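**Student:** Take this structure first; my questions come after.
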Amino acid sequence: MKTVNGQEVIQVFEAWSPKKLACMDNDPIGLAIGTLNKPVSKVLVTLDVNEAVANEAIEKGCELIIAHHPPIFRRLANIRTDHPAGRLYEKLIKHDIAVYAAHTNLDVAEGGVNDLLADALQLKNRSILEETYAENLLKLAVFIPTANAQALREALAKAGAGRIGDYEACSYTTTGEGRFRALAGANPFVGSVGELHVEEEVKVEVVFPESIKGRVLKAVLTSHPYEEPAYDVIRLEQQTNVMGLGRVGYLTKDMTLQQFAEFVKQQLDVPAVRVVGDLQSKVSKVALVGGDGNKYIYAAKRVGADVFLTGDMYFHTAQDAQAIDLQIVDPGHHVEKVMIAGVAKKMAELCEDKKYLVEFIQSTIHTEPFLFV
């Protein structure tokens, strides 16, 4: 096993939940406090960062905290250590505990907050509620001597090109003739300087998402025998890696709204929920957004959801939902606590695969500010 620093841990995290997935303007994600340029052996995973969580990190010897809710959400005018927020930042800095926040990018990521909520509710046949991210597909066409084509195809597949749905290493090859004349100063792989050369070549075509373009072109240049490979990169209209906020799915069995509300309380471990709608109406199709999903009531209605589950429902938004005949179950914002166990488990698995010697600890601090009486 390899000892690691904070940068290596976060590189693993961001490969799963990259910052580019964030879907809120100026979302304060990333490193919020401290430095990642230090050894890290214990990471505390938490929903929120307050003084009790900081004390927990100190007690358990954690060098890094990964949180869903950013500890610095609004621009700071000052850091006063006689105020609660300033006292928190001071404590974390004095104990050299870095804090990294993954907010809406973790909501969107596959296996992130919204998927964890859908898992808890056992939703099947899932889809995205609202698309927030997609990449353009590019097509690469490379001309290469026939004898070298297989090595190129293997290098492209290793770089991630040629992935289509549940298939990988997809490519298409056509045969033809390549013609060129090497000029003075060239060092041709085949042919002679000054002479027109004809070579039996193939054209290898693959598609790939734009985000890995650099990696794919590097594979071409390192595996191609020519000193000046000929290739085309074409932007396609198709998109890939479509991701988004919220999830839509079906319950394993139909319920009444009353039964669904009780099911939510049980599965998401909350003492009470707020409900809008007829308690005896049937619920089968569920849309959900973790945290504050007020602005997504119309998206939930468009996809035909019987009920929309989200937190922090505003009074007038609830009235709007009632007017469009959309039922609501509001279990509160704090149900996003599902990310604690989910992130700790996912990161432990990813780091174990890399043989990283780092432990992920689930915070046990209850950060729900509300009491139900």
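The values are calculated or read from the model by the stated rules, or taken from the named source; none is laboratory data. The shown structure was predicted, so the numbers you read here are calculated from the model rather than taken from an experiment. Using ideal geometry, Cβ is built from the backbone for each residue, glycine included, and neighbour counts are taken over all protein chains shown. What goes into the accessible areas is simple: the full protein's heavy atoms, side chains included, and nothing from ligands, DNA or RNA. Shrake-Rupley method; radii C 1.70, N 1.55, O 1.52, S 1.80 Å.
**Student:** Restricting attention to region 71-80, does a residue exist that is of a type in the set (Phe, Trp, Tyr) and open to solvent by less than 30 Å² (accessible area, probe 1.4 Å)? Step through it out loud before you land on a result.
**Tutor:** Within region 71-80, the first condition is being of a type in the set (Phe, Trp, Tyr), and the residues that meet it are 73.
Retained after the next criterion (residues that are open to solvent by less than 30 Å² (accessible area, probe 1.4 Å)): none.
No, region 71-80 contains no residue that is of a type in the set (Phe, Trp, Tyr) and open to solvent by less than 30 Å² (accessible area, probe 1.4 Å).
**Student:** What pairs come out if I take residues in region 232-243 that are closer than 15 Å to ARG163 by Cβ and pair them with residues that are of a type in the set (S, T, N, Q) and open to solvent by 60 Å² or more (accessible area, probe 1.4 Å) whose C-beta lies under 8 Å away, six or more apart or interchain?
**Tutor:** The qualifying pairs are ASN241/SER211.
**Student:** Now, a different point. Suppose we filter region 323-373 for residues that are among the basic types (Lys, Arg) and either open to solvent by less than 20 Å² (accessible area, probe 1.4 Å) or in a helix (DSSP H, G or I) (or both); how many remain?
**Tutor:** Step one: filter region 323-373 for residues among the basic types (Lys, Arg), giving 337, 345-346, 354-355.
Filter again for either open to solvent by less than 20 Å² (accessible area, probe 1.4 Å) or in a helix (DSSP H, G or I) (or both), leaving 337, 345-346.
Residues in region 323-373 being among the basic types (Lys, Arg) and either open to solvent by less than 20 Å² (accessible area, probe 1.4 Å) or in a helix (DSSP H, G or I) (or both): 3 in total.
**Student:** On the basis of being on the phi < 0 side of the Ramachandran plot and at pLDDT 95 or above, does ILE164 make the cut? Spell out the reasoning first.
**Tutor:** Working: on the phi < 0 side of the Ramachandran plot: yes; at pLDDT 95 or above: no.
In short, no.
**Student:** Only residues that are in contact with a Ser or Thr (Cβ under 7 Å, 6 or more places away or on another chain) and either within 30 Å of LYS20 (Cα to Cα) or open to solvent by 80 Å² or more (accessible area, probe 1.4 Å) (or both): list them for region 176-216, please.
**Tutor:** GLU200, GLU205, VAL206, PRO209 - these are the residues of region 176-216 that are in contact with a Ser or Thr (Cβ under 7 Å, 6 or more places away or on another chain) and either within 30 Å of LYS20 (Cα to Cα) or open to solvent by 80 Å² or more (accessible area, probe 1.4 Å) (or both).
**Student:** A further question follows. Name the residue, out of GLU227, GLU262, that is modelled with pLDDT under 95 and out of contact with any strand residue (DSSP E or B) (no Cβ under 7 Å at 6 or more places or on another chain).
**Tutor:** GLU227
**Student:** Right, something else. Regarding ASP320, is this residue charged (D, E, K, R), assigned to a loop (DSSP other than H, G, I, E, B) and either out of contact with any strand residue (DSSP E or B) (no Cβ under 6 Å at 6 or more places or on another chain) or open to solvent by 50 Å² or more (accessible area, probe 1.4 Å) (or both)? Quick ask: steps written out before the conclusion?
**Tutor:** On the way: charged (D, E, K, R): yes; assigned to a loop (DSSP other than H, G, I, E, B): no; either out of contact with any strand residue (DSSP E or B) (no Cβ under 6 Å at 6 or more places or on another chain) or open to solvent by 50 Å² or more (accessible area, probe 1.4 Å) (or both): yes.
When the stated conditions are applied, ASP320 does not pass them.
**Student:** For region 130-164, how many residues meet the condition of being touching a residue at least 60 places away in the same chain (Cβ under 8 Å) and of a type outside the set (D, E, K, R)?
**Tutor:** Going through region 130-164 one residue at a time, the tally reaches 18.
**Student:** Please specify each residue of region 218-262 satisfying the condition of being open to solvent by less than 50 Å² (accessible area, probe 1.4 Å) and in a loop (DSSP other than H, G, I, E, B).
**Tutor:** HIS224, PRO225, TYR226, PRO229
**Student:** Then there's this: Does ASP96 count as open to solvent by 10 Å² or more (accessible area, probe 1.4 Å), closer than 25 Å to LYS19 by Cα and in a helix (DSSP H, G or I)? Explain how you work it out, then say what you get.
**Tutor:** Values: open to solvent by 10 Å² or more (accessible area, probe 1.4 Å): yes; closer than 25 Å to LYS19 by Cα: yes; in a helix (DSSP H, G or I): no.
Answer is no for this residue.
**Student:** Select from region 263-312 the residues that are open to solvent by 30 Å² or more (accessible area, probe 1.4 Å), in a strand (DSSP E or B) and without any contact (Cβ under 8 Å) to a residue 40 or more places away in the chain and write down the one among them that is nearest to LEU121 (Cα to Cα).
**Tutor:** Within region 263-312, the match that is nearest to LEU121 (Cα to Cα) is LYS285.
**Student:** Just need a number here: residues in region 303-317 that are touching a strand residue (DSSP E or B) at 6+ places or on another chain (Cβ under 7 Å) and under 23 Å from GLU368 (Cα atoms).
**Tutor:** Taking region 303-317 and keeping what is touching a strand residue (DSSP E or B) at 6+ places or on another chain (Cβ under 7 Å), we get 303-313.
Those still in the list that are under 23 Å from GLU368 (Cα atoms) too: 308-313.
Going through region 303-317 one residue at a time, the tally reaches 6.
**Student:** Here are some residues: PRO39, PRO84. Which one is out of contact with any Gly (no Cβ under 7 Å at 6 or more places or on another chain), surrounded by fewer than 14 Cβ atoms within 10 Å (Cβ to Cβ), in contact (Cβ under 8 Å) with a residue 24 or more places away in the chain and under 18 Å from ILE361 (Cβ atoms)?
**Tutor:** Working: PRO84 fails: under 18 Å from ILE361 (Cβ atoms).
That would be PRO39, the only listed residue that is out of contact with any Gly (no Cβ under 7 Å at 6 or more places or on another chain), surrounded by fewer than 14 Cβ atoms within 10 Å (Cβ to Cβ), in contact (Cβ under 8 Å) with a residue 24 or more places away in the chain and under 18 Å from ILE361 (Cβ atoms).
**Student:** Assuming GLU110 fulfils every condition listed in (1) closer than 20 Å to MET339 by Cβ; (2) buried (at least 16 other Cβ atoms within 10 Å of the Cβ); (3) in contact with a strand residue (DSSP E or B) (Cβ under 8 Å, 6 or more places away or on another chain) apart from one, which condition is it?
**Tutor:** Every listed condition holds for GLU110 apart from (2).
**Student:** Given the structure, is ALA157 open to solvent by 20 Å² or more (accessible area, probe 1.4 Å), closer than 27 Å to ILE212 by Cβ and over 20 Å from the mean Cα position of the chain (by Cα)? Before you say what the answer is, go through the steps one by one.
**Tutor:** Working: open to solvent by 20 Å² or more (accessible area, probe 1.4 Å): yes; closer than 27 Å to ILE212 by Cβ: yes; over 20 Å from the mean Cα position of the chain (by Cα): yes.
Judged against the criteria, ALA157 is a match.
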